[in-house]
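S.K.: The structure's right below; bear with me while I get my questions together.
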Amino acid sequence: MKTSLRHRLLVSVSLVAAMAATQLTATVARANDRLIELSKSNENWVMPGRTYDAGNYSPMTQINSKNVKQLRVAWSFSDGVLNGHEGAPLVVNGKMFVNGPFPNRTFALNLDDPGKILWENNPKQSASARAVACCDVVNRGLAYWPGDGTTPALVFKNQLDGHLVAMNADTGETVWMIENADIKVGATETQAPYVVKDEVLTGSSGAELGVRGYVTAYDARTGERKWRAYATGSDKDMLIGKDFNIHNPQYGQAGLGLGTWEGDEWKIGGGTNWGWYAFDPGTNLVYFGTGNPAPWNATMRPGDNKWTMTIFGRDVDTGEAKFGYQKTPHDEWDYAGVNVMMLSDQKDSTGKARKLLTHPDRNGIVYTLDRETGDLVSANKIDDTVNWVKHVDMKTGVPVRDPEYATYMDHKGRDICPSAMGYHNQGFDSYDPEKQLFFLGANHICMDWEPFMLPYRAGQFFVGATLAMYPGPKGNRQGLEGLGQIKAYNAITGQMKWEKMERFAVWGGTMTTAGDLVFYGTLDGFLKARDTRTGELLWKFKLPSGVVGYPITYEHKGVQYVAIYYGVGGWPGVGMVFDLEDPSAGLGAVGAFKNLQRYTKQGGGVMVFSLDGHGPYDDPKVGEYDVN
């Protein structure tokens, strides 16, 4: 992978600055400590999930189940881009940072007067990136590093063309930029970067084009690479440590990144990670999932295809893998395993206090692991209509499959649940530590699957299956509605406290507050609030376009706000975005979401709500032109 001369110069200049900075800041507190402090304030939302435990939970109660009906629009902002807006904005020290899909413009807004743009970073990138993006040209958000007294605070974003960019948080100026993924082989960047300590982590997208996945840690100050860990290949390339899976040798240990593939197929075997991260300062491990193997046609790649579809726990300083649990060995259905990892401290069913990781997977199983050891604590179906698997063997961790729903050449699999979109996809969900409940925005989509053979060509789609998608058994298959659900899940009992059907997939995720509220957006363009105790729908508002991102909440000058991106798109909106009509187009999404265009159209921006709409423009003089 080549780095352009311009980028090398930027990095070289930054490296010199970094050497000096390292000496000057030896006595300065680590930036990570300040990031943790910032995340504790109700006035900030400094990272995806709000805090390192990725709970998307706020302790604020100003907006609560008793007064949520008083929510009104306080202000809004259009970013001028019409593709899918996944993820959420960041709020730090009185500013909101907004980022959109390709061309990945970034804006800073002053919360005192958001009608005036403080700065805009508008990159010029190759339009060829659009041609190799899998499922719309989305972007899932930003990361923030608070600076160290010498290097200023930075905001990080990924560009679709494979570049990771560091911007000055005060000015928007590009401080450094580096190529992390090569679009010539089909690799793109859609993920939100993630800051831990003084490193910024990012993965890549492109498994649908045979891209070999990896996660990379860069020095936040300079862009210098600290470590890279691949999803397939040798133990050296994958940073598999000597004590890898020492607590669970049944998961597999040495040599399997090569040994579970035929020949050199691991080189084009996918496993990209484009989803979300979580971090535990106590274990010093960062947690994330690797995606689907390539191609989708499983007949073309015999073996378990390790370590695709895996939950990893890696030492954040070295990248060394401490444990890896593969959820769907030899994936046959594109159940990419990159979904959100939510950390909680709870007692298990025996009463033992555990540090847990809960992950609703695309394959329809919600897994809970001990995040210190990787032990599998529970594995339950997100919905009782999941049919490819009968159950998960809790001793081995291996799913016990139903052969009726297998996929293989010269066979058309029918009514497989969930579909390739999963019963859960990229949505960022939430956890209420008081109620010990997870709030899951879910899909309810099944499929027919017919594989075909195809050759690998770098930079071209490498899928090998034709799909038809439609609502699951609880939906309206004739009317193509009932494609989603919202659920409250107890990871210890394995029970759903409540669940509600939705017209379309709850694609973006949920946000929960101590005010007994769970907020989420819908593809047909509503922001909704339900009572976390009962699931009762308490309030909703029709947005200018559908939602594929998740809500956040913050406090500014004593007022609690709820903010959410609008802008339909992503995989479920790909038919609308690219004006497609063939039901099998968009890898089967066009047929499933045919009716979406009857409810919403494209848009792009952020809307912000508060009780009675109180906000920066309560005083109409704010932001007015002053002739003096």
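S.K.: With the full set of protein chains in place, find how many percent of the accessible area of region 283-334 is carbon and sulfur; take the probe as 1.4 Å.
M.R.: That share works out to 49 percent.
S.K.: Looking only at region 488-530, which residues have a backbone nitrogen under 13 Å from a spot 7 Å from the Cα of V622 in the C-beta direction?
M.R.: Correct set: none at all.
S.K.: With θ set to phi - 60° and the Karplus curve 6.51 cos²θ - 1.76 cosθ + 1.60, what are the ³J(HN,Hα) couplings of region 346-354 in order, to the nearest whole Hz, using x for Gly and Pro?
M.R.: 9, 8, 6, 5, 9, x, 7, 5, 10
S.K.: Over region 48-180, with every protein chain in place, what whole percent of the accessible area is carbon and sulfur at 1.4 Å, could you tell me?
M.R.: Numbers: 1950 of 4110 Å².
Reported share for carbon and sulfur atoms: 47 percent.
S.K.: Leaving out ligands and nucleic acids, note down the accessible area per residue over region 108-178 with a 1.4 angstrom probe, in whole Å².
M.R.: Averaged over the residues of region 108-178, the accessible area is 31 Å².
S.K.: Something else about it: Rounded to the nearest 20 Debye, what is the dipole magnitude of region 195-249 about its Cα centre when Lys and Arg each give +1 and Asp and Glu each give -1 at the C-beta?
M.R.: Approximately 80 debye in magnitude.
S.K.: Could you name the aspartates and glutamates whose alpha carbon sits less than 15 Å from that of K395, not counting residues in the same chain fewer than 8 places away?
M.R.: Partners found: D370, D375.
S.K.: Name the residues whose placed amide hydrogens come within less than 5 Å of the amide hydrogen of E481, ignoring near sequence neighbours (fewer than 5 apart) on the same chain.
M.R.: Residues meeting the criterion, in which the H sits 1.01 Å from N, are N476.
S.K.: Additional query: What do you reckon, how do C417, C135 stack up by accessible area (1.4 Å probe), largest on top?
M.R.: The most accessible residue leads, giving C135, C417.
S.K.: With +1 on each Lys and Arg Cβ and -1 on each Asp and Glu Cβ, and nothing else charged, work out how big the dipole of region 305-373 is about its Cα centre, in Debye to the nearest 20.
M.R.: Dipole of region 305-373, to the nearest 20 debye: 240 debye.
S.K.: Here are labelled values, (1) 22.7, 78; (2) 26.2, 94; (3) 26.7, 84, and one is the computed Rg and Dmax of the Cα atoms in Å for what I pasted. Which one?
M.R.: The calculated read-out lines up with (1).
S.K.: Cross-link candidates for K601: which lysines have Cα within less than 17 Å, leaving aside residues fewer than 8 places away along the same chain?
M.R.: Those lysines meeting the cut-off are K542.
S.K.: Right, another one. List the pairs from K197/K306; K124/K267; K95/K197; K197/K352; K347/K528; K306/K497 whose alpha-carbon separation is above 24 Å, in the order I gave them.
M.R.: Distance filter (> 24 Å) returns K197/K306; K124/K267; K197/K352; K347/K528; K306/K497.
S.K.: How large, in percent, is the carbon and sulfur part of the accessible surface of region 387-479 at a probe radius of 1.4 Å?
M.R.: Carbon and sulfur: 51 percent of the exposed surface of region 387-479.
S.K.: Could you provide, to the nearest whole Å², the per residue accessible area of region 423-509 with probe 1.4 Å?
M.R.: The answer is 34 Å² per residue.
The values are calculated or read from the model by the stated rules, or taken from the named source; none is laboratory data. Quick caveat, the model's predicted, so the values are computed rather than measured. All Cβ positions, glycine included, derive from the backbone under ideal geometry; neighbour counts span all protein chains shown. Surface areas here come from the heavy atoms of the whole protein model, side chains and all, with no ligands, DNA or RNA. Shrake-Rupley method; radii C 1.70, N 1.55, O 1.52, S 1.80 Å.
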